[in-house]
Amino acid sequence: MAKSTVCDRDATQLVSTLPDDLDRQRLPHHVAVIMDGNGRWARQRGLPRPVGHRRGVGALKDLLSYCRDWGIGTLTAYAFSTENWHRPSQEVEFLLCLFERLLQSELDALDENDIRLHFIGELSELPSGLQRSIERARARTQTNEGVRFNVAVNYGGRAEILRACRRLACQVAEGRLSPDEIDTAQFARQLYTADGPDPDLLIRTSGELRLSNFLLWQVAYAELYVTDAFWPDFDRAEFHRALVAFQQRDRRFGQLKSSRDT
Ligand code: IPE
Ligand code: IPE
Ligand code: MG
């Protein structure tokens, strides 16, 4: 896709073809990623943390391009958690400014590449300028049919579940819903991710073995993949390894055999 700037490392680069050892029919439909380790990447090099965050943006653009080229329909990236407000204010401000600048500088390229942007999290608590950029990006790309790119900003899984409970409680209080009607499908419809599939692969970088409040409901049956690489170093080879590992998993969903064996 020579016309893109957002997804290609340089203008001459060709579309990345699916590696031969991956089965196109068994790719995940939805990849979620906890992009961790920007600060450590920078510290290791004696650089300030913001440099790590900026390099992390490059890794995310590349990942988006592999999803597009390899036919993965949905990518969800954890950009800022409800807990990240507790970082030093300088870092919080830097990150929020970075998001706003990126939404402005990358929107044309994202749109040209048919990417549909969707934001998950408590957006009303974000600075108003960022809220406006988010709404502009969402509206501009809403009819695109390529990769659906969910960006989690001011996102917390617990807050999302509480919000769903409150919405259901209101419907019950108003007599529009009976408690007996609340099932998993009904509950999932109250989440930020209501109109998409759950992730089937969750990747975390920088070696931490935790969810950090990400998509707590949605990852119930996701395959988990953790790499020691810091996020800015998460490249094509890393993503390839994650997908190979995913295709080697036996997804049983509580049954005795995977559906592939039956
Ligand atoms: C992930 O990198 C980016 C965000 C949480 C916004 P970190 O900033 O958490 O990097 P480390 O974990 O300190 O290395
Ligand atoms: C998770 O990373 C949040 C994002 C990637 C946005 P953190 O660095 O905030 O998570 P912890 O502190 O290691 O749990
Ligand atoms: Mg971290």
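The values are calculated or read from the model by the stated rules, or taken from the named source; none is laboratory data. Computed from a predicted model, the values in this text were never measured in an experiment. Methodologically, a virtual Cβ is constructed for each residue, glycine included, from the backbone with ideal geometry; neighbour enumeration extends over all protein chains shown. Just so you know, the surface numbers come from the protein's heavy atoms only, side chains and all, with ligands and any DNA or RNA stripped out. Shrake-Rupley method; radii C 1.70, N 1.55, O 1.52, S 1.80 Å.
Stokes-Einstein at 20 °C, 1.002 mPa s, Kirkwood radius from Cα pairs: D for the chain in µm² s⁻¹?
My calculation gives 110 µm²/s for D.
Roughly how big is the range 143-248's charge dipole about its Cα centre, with Cβ charges of +1 (Lys, Arg) and -1 (Asp, Glu), in debye to the nearest 20?
That gives a dipole near 320 debye.
Given bins 5 angstrom wide, list per bin the percent of all Cα-Cα distances in the range 167-262, short to long.
2, 10, 16, 16, 16, 14, 10, 7, 5, 3, 0
Please work out the average accessible area per residue across the chain, using the 1.4 Å probe convention, and give it in Å².
52 Å²
Over the chain, with every protein chain in place, what whole percent of the accessible area is carbon and sulfur at 1.4 Å, could you tell me?
51 percent
Size of the dipole of the chain about the Cα centre, Lys and Arg at +1 and Asp and Glu at -1 on the beta carbon, nothing else charged, in debye to 20?
360 debye
What value, in deg cm²/dmol to 500, does the helix sum -39500 (n - 2.57) over DSSP H runs of n ≥ 4 give at 222 nm once divided by the residues of the chain?
Theoretical 222 nm ellipticity from helices: -12500 deg cm²/dmol.
Quickly work out the Arg167-to-Arg241 label distance, labels modelled 7 Å from Cα along the C-beta direction, and quote it in nm with one decimal.
3.8 nm
Suppose the chain between Asp250 and Leu177 were pulled fully straight at 0.36 nm per residue; how much longer would it get relative to their current alpha carbon spacing?
22.4 nm
When the expected Rg is taken as 2.2 N^0.38 Å, what fraction or multiple of it is the alpha-carbon Rg of the range 103-147?
1.13
Could you please state, rounded to a whole Å, how far the C-alpha centre of the range 23-39 is from the C-alpha centre of the range 140-160?
Each part's Cα centre sits 15 Å from the other's.
If I require 15 Å or longer along the helix axis, counting alpha carbons, and a Kyte-Doolittle average no lower than -0.5, what helices from the chain are left? Use full DSSP H segments.
89-112, 157-173, 236-248
Using only alpha carbons, build the gyration tensor for the range 80-223 and give me the equivalent ellipsoid semi-axes, biggest first, whole Å.
In descending order the semi-axes read 27, 19, 17 Å.
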